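Everything below concerns the one structure shown next.
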Amino acid sequence: QVQFVESGGGLVQPGGSLRLSCAASGTIFSIYGMGWYRQAPGKQRELVAGITSTRTTIYTDSVKGRFTISRDNAKNTVYLQMNSLKPEDTAVYYCNRYPSFSPGAWGQGTQVTVSS
């Protein structure tokens, strides 16, 4: 059964940086696209960034130029480097497959709070 475990969140001031990690298990990691999603209070979960098996990347408009998604297939891990963070980036961040997520595989996520 596929499982994702996110880490790396925290409290950071506006303009700061964080690097999120997501470790995958129970799946052939390298053949799947992976995505980072986030859910802010009172809002729907949204796709933030995705990376395909061939390392093509996509980003939602609000994070372009600030966030970078990458993957290490040898470690079954996907990363999200977040720079120039803004208060509106505050959310719980999750990883899952991309473009089609696995509904039963959502992890606990990692909280990112951007505040002065």
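The values are calculated or read from the model by the stated rules, or taken from the named source; none is laboratory data. This is a predicted model, so every value here is computed, not measured. FYI the Cβ positions are ideal-geometry reconstructions off the backbone, even for glycines, and counts take in every protein chain you see. We work out accessible area using only protein heavy atoms, side chains counted, and drop any ligands, DNA or RNA first. Shrake-Rupley method; radii C 1.70, N 1.55, O 1.52, S 1.80 Å.
Rg and Dmax, both from the Cα atoms of the chain and both in Å, are 13.1, 41. Here the chain exposes an accessible surface that is 48 percent carbon and sulfur, computed with a 1.4 Å probe and the other protein chains kept in place.
In the context of the full protein assembly, F4 retains an accessible surface of approximately 10 Å², using a probe radius of 1.4 Å and ignoring ligands and nucleic acids. By the Cα gyration tensor, segment 42-98 has an equivalent ellipsoid whose semi-axes, rounded to whole angstrom, run 20, 13, 11 from largest to smallest. Taken over the Cα atoms of segment 1-63, the convex hull encloses 118 Å³ per residue. Net charge dipole, the chain: roughly 140 debye, given to the nearest 20, about the Cα centre with Cβ charges of +1 for Lys and Arg and -1 for Asp and Glu.
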